[in-house]
Amino acid sequence: MAGGGGIGPTNGKAYPGNLTSKVLVTCIVAAMGGLIFGYDIGISGGVTSMPSFLEKFFPDVYAKEVLLTVSTNQYCKFNSPKLTMFTSSLYLAALFASWVASIVTKVMGRKMSMLSGGILFLIGAIVNGFSKNVAMLIIGRILLGCGIGFANQSVPVYLSEMAPYRYRGALNTVFQLSITVGIFAANLLNYFFAKIEGGWGWRLSLGGAVVPALIFIIGSFFLPDTPNSLIERGKGDEAKSRLMKIRGIDNVDAEFNDLLEASERSKQVKSPWGNLLKNKQYRPQLIFSMLIPTFQQLTGMNVIMFYAPVLFKTIGFGDTASLMSAVITGLVNFVATFVSLLTVDRVGRRALFLEGGIQMFVCQIVIAVSIALKFGTSGDPGKLPIWYAAFVVTFICIYVAGFAWSWGPLGWLVPSEISPLEVRPAGQAVNVSFNMIFTFFIAEIFTAMLCSFKFGLFLFFAFFVAIMTIFIYFFLPETKGIPIDDMGAIWSEHWYWRRYVTIQKDDDTKKSTENKLQSQGNVVEKQV
């Protein structure tokens, strides 16, 4: 089965339960964690295109871009190590924070990890809004990054555990939808704040991050923890009661028993990190937790999002036009994410991955050729015809749409749903870490790459889009409609991964689980 196949649950399990209003509201509130990530992606590129911001913090770029006192190639005007460190320092902080967050998520629960992330992001937003120098900017960015590391580690796991398995894809996609809302809001605010007389609009852009931070903090405070997390922390009776409420039915024995059994297996794992890294049973989870976030960044999408105004400015758009183009791409990103939300649990993960990859590849080739023909190697198109600018922006928008209904949401969904409970926080930490490593890497070298590769930068990303689409075709089995703690079967039946994964029932674990269920059953029924 070379294509990875659409393997369903082989044991025929189909847990009863409804998509209750309680779960829907809970997942929407939790997904607001994406707001802080999206707002930062959108805001950073916008302020770096504001002349007053450049003049205060990055005078070398200001001299090349605004004063024109330093002659340089159009592609190289924003090539500044200090400027890229302003953008990329956040992702380095998020990398380290995600490892700490994995421990907090396991020991104290998903809710506490989300709350911590919101508070750290709030402090970082305040520091950035009042920044007097580059050092304050970097400190603020580090705090923002710590907040994002906590949120990105805990929110996708929370959503995957709360959602009924039939709706897990759609509810997890709300996280990516929230990211797109943050990006669009940031781009829109940048457009209006850049028009403020006196040149202090950048403070409102950076300081405005307190709004999504407060939304996330308040929402996290009122969220219930997941049944999986409660069981993990020895609160089995409360977990069963919670499961009944969120599924909207009185009999959740089948799902609860499997959660409890998964927890017993988890407790027998002394070192989740060691098992994830060394135990071949978890080899596919480890590989996908590393490669999916890596490939997600090598699509070049984050370059478009947090450098959109800089990119549009470089290829011939004026100050206001570049910010408006960023608003347009942000809006496309938001709207197109709904396609994934509506189809991910119907057509499946593989179909969206593959279609989105092909669409992005074609668009990147067209964009590279278009820029090469008009902008050449100097990056100066002279007077850019309106129709030509519209053509380039159109294909950038088609590219953004392809990402928004494929690698954007699925890059968070798939890694969060494939790991068993005993290594789930560790697996998600690996996912976030690789996401942040490569986000940092791309952000750090983007302006230098643009200066060196020029229009060839789009061909660079197109090459990786082709590689990752082929990888998904051959190695990712379909995960739609499979209960989260029943995912092992898809790996044991896959043409490649079955050499690593075998499904075995541990008699000692089953006996321990049955004894624990029997001892807890009467207490649970009385409390419910």
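Highest average first, the peptides 387-395, 357-365, 159-167, 218-226 ordered by how many other beta carbon atoms sit within 10 Å of their residues are 159-167, 357-365, 218-226, 387-395.
Of the listed residues M85, M114, the order by accessible area with a 1.4 Å probe, largest first, is M85, M114.
Taking a ≥ b ≥ c as the square roots of the eigenvalues of the alpha-carbon gyration tensor, the stretch 133-176 is classed prolate because a/c is 1.5 or more and a/b outweighs b/c.
Over all projection directions, the Cα-based convex hull of the stretch 158-260 averages an area of 8.1 nm². Please go through the stretch 406-506 and write out the trypsin sites (Lys or Arg not before Pro) that DSSP classes as loop and that have at most 14 other C-beta atoms within 10 Å. Filter output for the stretch 406-506: K505.
Are any of the pairs K195/K374; K106/K132; K245/K280; K77/K132; K56/K374 more than 27 Å apart by Cα-Cα distance, and if so, which? Present the calculation step by step, with values, prior to reporting the outcome.
Numbers: K195/K374 30 Å; K106/K132 38 Å; K245/K280 37 Å; K77/K132 24 Å; K56/K374 33 Å.
In this structure, K195/K374; K106/K132; K245/K280; K56/K374 lie more than 27 Å apart at Cα.
Rounded to the nearest whole angstrom, the semi-axes of the ellipsoid equivalent to the stretch 116-158, taken from the Cα gyration tensor as √(5λ), stand at 23, 8, 5, largest first.
For trypsin sites (Lys or Arg not before Pro), the sites in the stretch 242-281 that DSSP calls loop and that have at most 10 other Cβ atoms within 10 Å are K270.
The values are calculated or read from the model by the stated rules, or taken from the named source; none is laboratory data. What you are looking at is a predicted structure, and each value in this text was computed from that prediction instead of being measured. Positions of Cβ are generated from backbone atoms using ideal geometry, with glycine treated the same way; all protein chains shown enter the neighbour counts. Calculation scope for accessible area: heavy atoms of the full protein, side chains included, ligands and nucleic acids excluded. Shrake-Rupley method; radii C 1.70, N 1.55, O 1.52, S 1.80 Å.
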